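Everything below concerns the one structure shown next.
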Amino acid sequence: MTQSLSERIALFTDRNRHAGKQFLPAFIALKPDIEQALQDGWTVRQVWNTLHDEGKIKCSYQWFRTLVNRHINGDRKQHSRTDQLKTAGNDQEGFRFNSVTEKEELI
């Protein structure tokens, strides 16, 4: 008897559970070069094309973009958030919320 689609999906998922993680070590090894190329103004597509043609990266372009967004752009966002919090902590001017309502202001 044939298996249902759900059973086949479960088998496929069990067999290919770590399929995306096989490309991560190569990406991490090349991360400084990729970051430098992106900072030099090259597009993600151009970086992927070069590395893929050289055989250094074997993943698809979409998966490469996902890795860039997670490990490079995510780091940039984290650093910018940290910088914003540091500068916001030093700011003495600005809005301050007072949770106590004063009756004079309401009249």
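The values are calculated or read from the model by the stated rules, or taken from the named source; none is laboratory data. These numbers come from a predicted model, not from an experiment. A quick note on method: Cβ atoms are made from the backbone with ideal geometry, for glycine too, and the neighbour counts reach across all protein chains shown.
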When residues of the stretch 16-28 are filtered for being modelled with pLDDT of 90 or more and exposed (fewer than 11 other Cβ atoms within 10 Å of the Cβ), how many remain?
-> 1
Among the residues of the stretch 31-48, count how many are under 23 Å from Lys21 (Cβ atoms) and surrounded by 12 or more Cβ atoms within 10 Å (Cβ to Cβ).
-> 8
In this structure, does Thr101 turn out to be farther than 18 Å from Phe23 by Cβ and either surrounded by 13 or more Cβ atoms within 10 Å (Cβ to Cβ) or modelled with pLDDT of 75 or more (or both)?
-> yes
Is it the case that some residue within the stretch 3-10 is surrounded by fewer than 12 Cβ atoms within 10 Å (Cβ to Cβ) and part of a loop (DSSP other than H, G, I, E, B)?
-> yes
